[in-house]
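I have placed the structure first, in the form of structure tokens, so that the comments after it can refer back to it.
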Amino acid sequence: MNKFILSVAIACTFLLASCGDFDPSEEYVDGKFNRFVQKEQENSTTFEMKDNLGITDTYTDYTYRHKPEYYDYRVEGTINNLEVHVLIQCTDDGGDLTVHCGSGEDVKIVFRDLKGDQKKHKDGYRVKVLDSLEVNGKTYSDVLEIDATGAKNNACDYDKAYIAANKGLVRIDLQDSITIERTSKKATERTPID
């Protein structure tokens, strides 16, 4: 009986390995971070955001997702000239998440070997996937929180940024205690203030 069990176990191992289930070189994105690479998408949208001082701004974003291995999200404000750029790439050890910060994306903060729902960078930056976040009375699911509050030398234009997997940027907390949140209104075309 033991020989039978052993032979079945060996056969199952070969079968699974031939299907790629035990292939250590297969690339993937692990943990809750994989929620950002679960569909095909390429689009650009313009939407309205408003800060806690009542100032309204127009943001334009670009999203490119390729299931199940790649996520590229970029957004820029018109008045505030804020930029947020996040890239998730599939690897054979769980994936990499890169946050580009600074003018012209000078600084790259790379989180490697994604697992679970959060990662901490050696320089104090953190990323976390929240199940949901309420902004202006609307609940967004699968939200990536980029947290630079613990960074030794924060290269980002913000303390925290929140990106919903299916909607994009929903909130930014600036370094000077200003919070900018997405509104339910569609953006209107207008000339930026010089």
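Between N166 and K152, how many nm apart are label points set 7 Å from Cα along the C-beta direction?
Taking the simple label geometry, N166 and K152 are separated by 4.1 nm.
So for K32, K152, K39, what's the accessible-area order with a 1.4 Å probe, most first?
Sorted by accessible area, descending: K152, K39, K32.
What size of dipole, in debye to the nearest 20, comes out for the range 24-190 about its Cα centre when the only charges are +1 on Lys and Arg C-beta atoms and -1 on Asp and Glu C-beta atoms? Don't skip to the answer; put the middle values down first.
Details: 24 positive and 32 negative charges, 84 e Å.
Its charge dipole is roughly 400 debye.
Need the full-extension length gain, N136 to D123, defined as separation in residues times 0.36 nm minus the C-alpha distance. One decimal, nm.
1.5 nm
Using the structure shown, select from K128/K152; K108/K160; K115/K185 the pairs with a Cα to Cα distance greater than 24 angstrom.
Beyond 24 Å: K115/K185.
Quick check: from the Cα gyration tensor, does the range 85-161 come out rounded (a/c under 1.5), prolate or oblate?
Because a/c hits 1.5 or more and a/b fails to exceed b/c, the range 85-161 counts as oblate.
Sketch the reach of a paramagnetic label on T98 as a point 7 Å from Cα along Cα-to-Cβ, and name the residues of the range 129-149 whose backbone nitrogen lies under 19 Å away.
The answer is 146-147, whose backbone nitrogens lie closer than 19 Å to the label point.
Between S44 and K185, what is the spin-label point distance in nm, taking each point 7 Å from the Cα along the Cα→C-beta axis?
2.4
The values are calculated or read from the model by the stated rules, or taken from the named source; none is laboratory data. Just so you know, these numbers come straight off a predicted model, no measurement behind them. Cβ coordinates were reconstructed from backbone atoms using ideal geometry, including for glycine residues, and neighbour counts include every protein chain displayed. When the accessible area is computed, the model is the full protein with side chains, heavy atoms only, and any ligands, DNA or RNA have been set aside. Shrake-Rupley method; radii C 1.70, N 1.55, O 1.52, S 1.80 Å.
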